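> Can you read through this structure? Questions will come right after.
The values are calculated or read from the model by the stated rules, or taken from the named source; none is laboratory data. This structure is a prediction, so every number in the text was calculated from the model and none was measured. Using ideal geometry, Cβ is built from the backbone for each residue, glycine included, and neighbour counts are taken over all protein chains shown.
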């Protein structure tokens, strides 16, 4: 008689966001393989979180906003009543609250922590999960990028499994050869909504336009980063850290259909590519099941139809954010943290209508240049600590915020 392994226990950070809700789709479809033991989010959607808690029988919930605790409790009672629970039949989960709540949740006993938090705030939860011995399914690329050697030195071999579709694709393709046989990694980019535009044609871009991604449904920060190609720059740094491939051997090409998610070229001239329709559930399912695949996670390419796929070089003049990211990666140390922090501030200002679209990456470039001259930014490339990284992060945020406060409000940057 065959023995069925017990379900992998999952702690999901960022459960009400785009990646989080899609991860729950995968888990919902595979109750024999996965079980949710913890959820974490900011707390802006108490009704949605309450629905997740009750559906999946979650025992621990973490809220970044302490003020959201009562809202969640009320939402839990309302959701339990809606589902037909009588008084006393439903047990409230343990609720962790405060800025360190996600970090505490990441340290819970479990098999996998899926970190789908957006931004640099995901660093401490990633380190907490690694320290607790869990496999980290990493959608929060920023924690690896800004943490660099702090994160890689904390991780055992194979302890970090990528969730980004591009890095999932690379991981799959790299199964086809030994590390020493790899010539280069080729990361594909959709080009975002402004593919083909010159820099001059980006002057009056609005937030509404930037958030209209042609192929992917993502949160506002990642979607804006995709439109500037900053997201692709972050992915180059992530690929370097995950797979140990030098920056000279990582290339980005524009592929607007988002079907070829990335490729690996080998020394004999062979190239392996991973193809699937744009659906993040495939990469999520693979990360949760790694190294095994989860059947029927997403639909495959329909080979009975005619397909045409295009590839073209990146226009670095129109989208300088990619080269800036590679420069930050090459310089190492805390420069990736400075790059990421300045960009997060710039994106928030753009979405709030406080800076023009081109001002996002212009701010990053100016802050990076200042960081190279400042004695207040820890710059050593060896022996970095978490405090060094977070000091650089705070410095860059303060510098970027100060710059943006001195600029006039950009009328073309707000939603229309």
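> Only one of these conditions is not met by residue 169: (1) crowded, with 17+ Cβ neighbours inside 10 Å; (2) touching a helix residue (DSSP H, G or I) at 6+ places or on another chain (Cβ under 7 Å). Which number is it?
Every condition holds for residue 169 apart from (2).
> Take the residues of segment 159-177 that are closer than 12 Å to residue 238 by Cβ and part of a loop (DSSP other than H, G, I, E, B): which is modelled with the highest pLDDT?
Restricting to residues being closer than 12 Å to residue 238 by Cβ and part of a loop (DSSP other than H, G, I, E, B), the top hit is 163.
Results for (1) surrounded by fewer than 18 Cβ atoms within 10 Å (Cβ to Cβ); (2) under 19 Å from the mean Cα position of the chain (by Cα); (3) modelled with pLDDT of 95 or more; (4) at positive phi, shown as yes or no for each residue.
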| site | (1), (2), (3), (4) |
| --- | --- |
| 305 | yes, no, yes, no |
| 309 | yes, no, yes, no |
| 316 | yes, no, yes, no |
| 346 | no, yes, yes, no |
| 351 | no, yes, yes, no |
| 359 | no, no, yes, no |
| 374 | yes, no, no, no |
| 383 | yes, no, no, yes |
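> Any chance segment 47-57 includes a residue that's touching a residue at least 40 places away in the same chain (Cβ under 8 Å) and closer than 28 Å to residue 289 by Cβ?
Restricting attention to segment 47-57, the residues satisfying the condition of being touching a residue at least 40 places away in the same chain (Cβ under 8 Å) are 53.
Restricting the remaining residues to those that are closer than 28 Å to residue 289 by Cβ gives 53.
Yes, there is a match, as at least one residue in segment 47-57 is touching a residue at least 40 places away in the same chain (Cβ under 8 Å) and closer than 28 Å to residue 289 by Cβ.
> Right, here's the next one. Could you please find all residues in segment 192-212 being assigned to a loop (DSSP other than H, G, I, E, B) and in contact with a helix residue (DSSP H, G or I) (Cβ under 9 Å, 6 or more places away or on another chain)?
Residues of segment 192-212 assigned to a loop (DSSP other than H, G, I, E, B): 195-199, 203-206, 211-212.
Passing the criteria: 199, 203, 204, 205, 206, 211, 212.
> Across segment 213-254, what is the number of residues that are buried (at least 22 other Cβ atoms within 10 Å of the Cβ) and part of a loop (DSSP other than H, G, I, E, B)?
1
> Taking the criterion of being at pLDDT 95 or above, assigned to a helix (DSSP H, G or I) and surrounded by fewer than 24 Cβ atoms within 10 Å (Cβ to Cβ), would at least one residue in segment 131-146 satisfy it?
Yes, the conditions are met somewhere in segment 131-146.
> In addition: Name, by its number, the condition in (1) in a helix (DSSP H, G or I); (2) touching a helix residue (DSSP H, G or I) at 6+ places or on another chain (Cβ under 9 Å) that does not hold for residue 89.
For residue 89, the exception is condition (1).
> Please indicate, with yes or no, whether at least one residue in segment 328-341 is touching a residue at least 40 places away in the same chain (Cβ under 8 Å), surrounded by fewer than 24 Cβ atoms within 10 Å (Cβ to Cβ) and touching a helix residue (DSSP H, G or I) at 6+ places or on another chain (Cβ under 6 Å).
Checked segment 328-341: at least one residue is touching a residue at least 40 places away in the same chain (Cβ under 8 Å), surrounded by fewer than 24 Cβ atoms within 10 Å (Cβ to Cβ) and touching a helix residue (DSSP H, G or I) at 6+ places or on another chain (Cβ under 6 Å).
> Just give me the residues in segment 178-201 being within 20 Å of residue 238 (Cα to Cα) and either surrounded by 11 or more Cβ atoms within 10 Å (Cβ to Cβ) or touching a residue at least 24 places away in the same chain (Cβ under 8 Å) (or both), in sequence order.
The answer is 179, 182, 183, 184, 185, 186, 187, 188, 189, 190, 191, 192.
> Could you please let me know if residue 153 is outside the structural domain of residue 217 (by TED's automatic domain parsing), surrounded by fewer than 17 Cβ atoms within 10 Å (Cβ to Cβ) and assigned to a helix (DSSP H, G or I)?
Numbers: outside the structural domain of residue 217 (by TED's automatic domain parsing): yes; surrounded by fewer than 17 Cβ atoms within 10 Å (Cβ to Cβ): yes; assigned to a helix (DSSP H, G or I): yes.
In short, yes.
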